[in-house]
1. Any residue in the range B:46-71 that's closer than 16 Å to residue B:27 by Cβ and away from chain A (no Cβ under 11 Å): show its pairings with residues that are of a type in the set (Lys, Arg) and crowded, with 20+ Cβ neighbours inside 10 Å at Cβ separation under 6 Å, as long as the two are six or more apart or on different chains.
2. Looking at the range B:72-111, which of its residues are polar (S, T, N, Q), in a strand (DSSP E or B) and within 14 Å of chain A (Cβ to nearest Cβ)?
3. Within the group A:26, A:71, A:53, A:84, which residue is touching a residue at least 24 places away in the same chain (Cβ under 8 Å), away from every other protein chain (no Cβ under 13 Å) and within 13 Å of the chain's Cα centre (by Cα)?
4. Going by the structure shown, is residue A:6 modelled with pLDDT of 95 or more, surrounded by 15 or more Cβ atoms within 10 Å (Cβ to Cβ), over 28 Å from residue B:5 (Cα atoms) and within 11 Å of another protein chain (Cβ to nearest Cβ)?
5. Got a sec? Which of A:63, A:47 is farther than 27 Å from residue B:39 by Cβ, touching a residue at least 12 places away in the same chain (Cβ under 8 Å) and either within 14 Å of another protein chain (Cβ to nearest Cβ) or not in a loop (DSSP other than H, G, I, E, B) (or both)?
6. Of all residues in the range A:29-43, how many are among the aliphatic types (A, V, I, L, M) and either within 10 Å of chain B (Cβ to nearest Cβ) or surrounded by fewer than 14 Cβ atoms within 10 Å (Cβ to Cβ) (or both)?
7. Here are some residues: A:71, A:26. Which one is of a type in the set (Ser, Thr, Tyr) and modelled with pLDDT under 95?
8. Can you give me the number of residues within the range B:42-92 that are among the polar types (S, T, N, Q) and under 19 Å from residue B:114 (Cβ atoms)?
Amino acid sequence: GDQVEQSPSALSLHEGTGSALRCNFTTTMRAVQWFQQNSRGSLINLFYLASGTKENGRLKSTFNSKESYSTLHIRDAQLEDSGTYFCAASSSSFSKLVFGQGTSLSVVP
Amino acid sequence: EAAVTQSPRSKVAVTGGKVTLSCHQTNNHDYMYWYRQDTGHGLRLIHYSYVADSTEKGDIPDGYKASRPSQENFSLILELASLSQTAVYFCASSDGTGGSYEQYFGPGTRLTVL
């Protein structure tokens, strides 16, 4: 079935630095969502993309359906950015989401 | 912003017992979903619904039933709870109009089966 391969599985950043998370898809996806799961376990919506690039503050996400990948860029990382980041993508019209395994991000002083 | 609530927020159940998890959304969304998350993993789809009184199987439906009595409410039922069903369960909803199917998630229900 549809698969979402997310990397890296874990990442440590110093405050003020940045990095990129990536998801590769094994089939053509129609849309992608990125979430942050915080320490309480809640899923926070970061981005929903059907194509192109979106930016929100220190976060930027790109979705390339033709090349089957999506990225999430974090710049100027802050301590509150720590958590687990998930990408999830849908290949069908009613948006069943297939989740990646997550990236555990730790931002340290 | 979408408001999805779940009850209970945590539950301890005995093996073989019946468990019902409830989800309520107040945003007039047509689509609702149930996912489970196992420790250290992403979410997997159990059941979903795109209209009241109708449910569909997701990727891992075995051992679960779902009920959508109204547009606002979606329940997940474990008729005979098993140890392997210990997990965190998330409900979500999405609209679908205008081509956007962005899903909004509830806070989750932590289920422990003993």
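The values are calculated or read from the model by the stated rules, or taken from the named source; none is laboratory data. These figures come from a predicted structure and were not determined experimentally. Reconstructed Cβ throughout: ideal geometry from the backbone, glycine too, with neighbour counts over all protein chains shown.
1. Listed by first residue and then by second, the contacts come to B:52/B:68.
2. Within the range B:72-111, the subset polar (S, T, N, Q) is B:73, B:75, B:82, B:84-86, B:93-94, B:97, B:100, B:103, B:109.
Narrowing the set further to residues that are in a strand (DSSP E or B) leaves B:73, B:75, B:93-94, B:109.
If the condition is that a residue be polar (S, T, N, Q), in a strand (DSSP E or B) and within 14 Å of chain A (Cβ to nearest Cβ), then B:93, B:94, B:109 are the ones that fit.
3. Only one candidate qualifies: A:71.
4. Working: modelled with pLDDT of 95 or more: yes; surrounded by 15 or more Cβ atoms within 10 Å (Cβ to Cβ): yes; over 28 Å from residue B:5 (Cα atoms): yes; within 11 Å of another protein chain (Cβ to nearest Cβ): yes.
Taking the combined requirement at face value, the residue satisfies it.
5. Details: A:47 fails: farther than 27 Å from residue B:39 by Cβ.
It is A:63.
6. Taking the range A:29-43 as the starting set, the residues that turn out to be among the aliphatic types (A, V, I, L, M) are A:29, A:31-32, A:43.
Still in the running and either within 10 Å of chain B (Cβ to nearest Cβ) or surrounded by fewer than 14 Cβ atoms within 10 Å (Cβ to Cβ) (or both): A:31, A:43.
Number of matching residues: 2.
7. Just one listed residue meets the conditions, A:26.
8. Applying the first criterion (among the polar types (S, T, N, Q)) to the range B:42-92 yields B:49, B:54-55, B:67, B:70-71, B:73, B:75, B:82, B:84-86.
Retained after the next criterion (residues that are under 19 Å from residue B:114 (Cβ atoms)): B:82, B:84-86.
The number of residues fulfilling the criteria is 4.
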